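Accompanying notes for the structure given below.
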Protein chains: 2
Amino acid sequence: MTKRGPYRKGETKRAEILQAALEIFAEEGYRGTSLRKVAARCGLSLPGVMHYFESKEDLLVQVLRRRDEVEKERLAELTGLGGSLDTLREGMRTPGLVELFVSLAASAGEHGHPAAEFFPRRYEELRAMLTRRVQEAMDEGQFASPIPAERLAVLLLAVADGIQLQWLSDRSLDMRTPVADVLRLLKPSDGG
Amino acid sequence: MTKRGPYRKGETKRAEILQAALEIFAEEGYRGTSLRKVAARCGLSLPGVMHYFESKEDLLVQVLRRRDEVEKERLAELTGLGGSLDTLREGMRTPGLVELFVSLAASAGEHGHPAAEFFPRRYEELRAMLTRRVQEAMDEGQFASPIPAERLAVLLLAVADGIQLQWLSDRSLDMRTPVADVLRLLKPSDGG
DNA sequence: GTCTATACTTAGATAGAC
DNA sequence: GTCTATCTAAGTATAGAC
């Protein structure tokens, strides 16, 4: 039987385009990559690609969105906090994707920009998820701090994002260490 | 007497252009702002502006560079760690400048891009400065942690940067809290 | 609904005159 | 040092074939 149910017609093609874009961005960086190039890899013309997306920015955001969905599945399986934060970056280990992520994050404040819809929601969800896991860790006595879980979630997310910025400038930097370090600061045994 | 000494001819005009760019970016965001617009504010044509800069990206980076020099002077006056981290962001409190900063940081890994020269150096300097101040605080007993000062510097910088990413998506977020929170985690009295 | 061809518009870059 | 004119690349919009 042909694909029906949850998949509308054309969804498979759209996914194919996003996949092609993802690959090109990962290989050559997303800057200096025109949509015509993405189209060529799919054997399409530019308007052929634009049939599936409202604008270039829309396509870029959907690349991230797709990436996120894959991550989310993995995150759902995990319960640990360290693993969650690591997973947040694992899908972003290629420079091209990190560049795309950071660059679009810069547009999250522009009204009408697709990123302005994506990022606030994404951050909300991530903070909520992290807050739960921090709270769990505190309940279990793994963490101890007078700072409420919500604020620690903001803090942890900031570390995970911020280290990526530094990593773009210095790829020899290990991205796991800072995350591990904050978590260590939260361990009761490490207090003065 | 006319300006001589350390200032070459044309430096004043270059500064004027950077100032105009800074203002426009602060007012309207740097995206969607063409160089022709910047040129117009200076009473110049596009080539008139390009005479002073190798490319648009070059101009953008120099806007950040200029901003940084102003910050550095303030930073030199401070000795406290919290104040240093706060100052790092105060010059970046307008969304347009934060967007510019984040967006260019995304290009720091591209060889040949002006940002690839600016950001690694900037981060190096900031980490060195923060390392010194963290070490001082530890020596004075204000902080206590088995984690070495260098790594804490990376961590603190990540928090300061990362919170800006979240801020772009949610401007109601207070950027000082997370920085204050990490510093609090480092205080010996807060251990479990 | 899917896709091509074509044309439009903007923006950064460059050449050469003054 | 600055302009006019021009070039090129890229995103966008339209018309229409299938």
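A short reminder: the numbers here are calculations on the coordinates, not readings from a lab. All figures in this text were calculated on a predicted structure; none of them were measured in a lab. Because the Cβ atoms are built from the backbone with ideal geometry, glycine has one as well, and the counts that use them run over all protein chains shown.
So for chain B, Kirkwood radius off the Cα pairs, Stokes-Einstein at 25 °C and 0.890 mPa s: how many µm² s⁻¹?
This corresponds to a translational diffusion coefficient of 133 µm²/s.
Given points 7 Å out from each Cα along the Cα-Cβ axis, report the B:Ser55 to B:Asp170 separation in nanometres with one decimal.
Label at B:Ser55, label at B:Asp170, 3.7 nm between them.
What's the exposure ranking of A:Thr79, B:Thr87, going from fewest to most Cβ atoms within 10 Å?
A:Thr79, B:Thr87
Going by C-beta contacts inside 10 Å, put B:Ser45, A:Ser145 in order with the fewest on the left.
Lowest to highest Cβ neighbour count: B:Ser45, A:Ser145.
Starting at the first residue of region B:76-84, write each ³J(HN,Hα) from the Karplus equation 6.51 cos²θ - 1.76 cosθ + 1.60 with θ = phi - 60°, in whole Hz, x for Gly and Pro.
Residue by residue, region B:76-84 yields 4, 6, 8, 10, x, 7, x, x, 4 Hz.
Could you list log10 I(q)/I(0) for the protein assembly as shown at q = 0.08, 0.09 Å⁻¹, which the Debye formula gives when each Cα is one point scatterer?
Each listed q maps to, in turn, -0.46, -0.58.
How far is it, in nm, from the label point at A:Glu28 to the one at B:Gln142 when both lie 7 Å from their Cα along the line to the Cβ?
5.0 nm
Once region B:101-146 is represented by equal point scatterers at the alpha-carbon sites, with solvent omitted, what log10 I(q)/I(0) does the Debye formula produce at q = 0.32 Å⁻¹?
Normalising to I(0) and taking log10 leaves -1.05.
Given the peptides B:32-43, A:158-169, arrange them by the average over their residues of other C-beta atoms within 10 Å, most packed first.
In descending order of packing, they fall as A:158-169, B:32-43.
With a point put 7 Å past each Cα toward its Cβ, work out how far B:Ala180 is from B:Glu77 in nm, to one decimal.
Once both label points are built, they end up 2.2 nm from each other.
Given label points at 7 Å from Cα along Cα→Cβ, what nm distances, shortest first, separate A:Arg66 from the same residue in every other copy?
With the label placed 7 Å along Cα→Cβ, A:Arg66 yields 4.1 nm.
Compute the label-point distances linking B:Glu77 to its equivalents in the other copies; points lie 7 Å from Cα along Cα→Cβ; give nm, one decimal, shortest first.
Counterpart label points of B:Glu77 in the remaining copies fall at 5.5 nm.
If the only charges are +1 at each Lys and Arg Cβ and -1 at each Asp and Glu Cβ, what is the size of the charge dipole of chain B around the Cα centre, to the nearest 20 debye?
740 debye
Which one of B:Leu22, A:Gly43, B:Ser84 has its Cα pushed farthest toward the positive end of the charge dipole of the protein assembly as shown, where Lys and Arg give +1 and Asp and Glu give -1 at the Cβ?
Farthest towards the positive pole: A:Gly43.
Find every distance from the label point of A:Pro47 to the corresponding label point in the other copies (7 Å from Cα along Cα→Cβ) and write them in nm, one decimal, shortest first.
Counterpart label points of A:Pro47 in the remaining copies fall at 3.6 nm.
In the protein assembly as shown, what is the count of Lys pairs whose alpha carbons are under 17 Å apart, counting only pairs at least 8 residues apart or on separate chains?
Lysine pairs meeting the criterion: 9.
Would you mind putting A:95-105, A:55-65 in packing order, based on average other-beta-carbon counts within 10 Å, highest first?
Descending packing order for the listed peptides: A:95-105, A:55-65.
Report, to the nearest 10°, how far helix B:95-105 tilts away from the longest principal axis of the Cα atoms in chain B, using its own Cα long axis and a range of 0 to 90°.
80 degrees
Please give the helix A:149-169 orientation as an angle from the longest Cα principal axis of chain A, in degrees from 0 to 90, rounded to the nearest 10.
Taking the Cα atoms of chain A, the angle to A:149-169 is about 60 degrees.
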